[in-house]
Amino acid sequence: MSDERAVVGPSGTAGGLVAVTSATAGAIIAAIHGQSGLGVNVPKPFSQPICLVPDTCVAGTTHVANIEDLAHGLHEGDHLRLERDDKNAYDHWAIRVLNAHGEHLGYVSADINQIPARLMDGGKRLYGEVTKVELVGSWWKIGMGVWLDD
């Protein structure tokens, strides 16, 4: 017997089901809450956003080829998608920061990413919220807060 699980998915998928190949609690929670393009977005009753980090900057923006175009598309209050990158060769706690269209902006700063990464590994849903976007010299400074949706 396979260890594959099925979760109700968005319309348009075969039989309305989406296969979740990993049986971990984090994978099942991610599928139920529509992360990674799987599952449906089920609102949590009595959900309350919790600010984990009120102000940090997206790290590594200077290494993003089209950062100027991406930065111009960001506005204060925009939500940013956070994805774990636990296979990152430079930082075991790495978390990718993506805009609403899934385009890579950089990473959560290494000086604050361990606790958010551990929460994400435990199945918690985190997101970023843009606090500022400014050009400082030749560097696009994208400020954000890190939030837990719990």
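The table that follows gives values for the structure above.
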read-out: Matching residues, region 65-85, being in contact with a helix residue (DSSP H, G or I) (Cβ under 8 Å, 6 or more places away or on another chain) and over 21 Å from residue 147 (Cβ atoms); value: 67
read-out: Complete set of residues in region 112-147 that are free of Cβ contacts under 8 Å to residues at least 40 places away in the same chain, within 15 Å of residue 59 (Cβ to Cβ) and either of a type in the set (A, V, I, L, M, F, W, C) or surrounded by fewer than 22 Cβ atoms within 10 Å (Cβ to Cβ) (or both); value: 114, 117, 136
read-out: Breaking point among (1) part of a strand (DSSP E or B); (2) at pLDDT below 55, for residue 80; value: (2)
read-out: Selection from region 83-98 of residues that are outside any loop (DSSP other than H, G, I, E, B) and either free of Cβ contacts under 8 Å to residues at least 24 places away in the same chain or of a type in the set (D, E, K, R) (or both); value: 83, 84, 96, 98
read-out: Meets criteria (surrounded by fewer than 16 Cβ atoms within 10 Å (Cβ to Cβ) and farther than 19 Å from residue 49 by Cα) for residue 68; value: yes
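The values are calculated or read from the model by the stated rules, or taken from the named source; none is laboratory data. Predicted model only: the values in this text are computed from it and were never measured. All Cβ positions, even for glycine, are placed from backbone atoms using ideal geometry, and neighbour counts span all protein chains on display.
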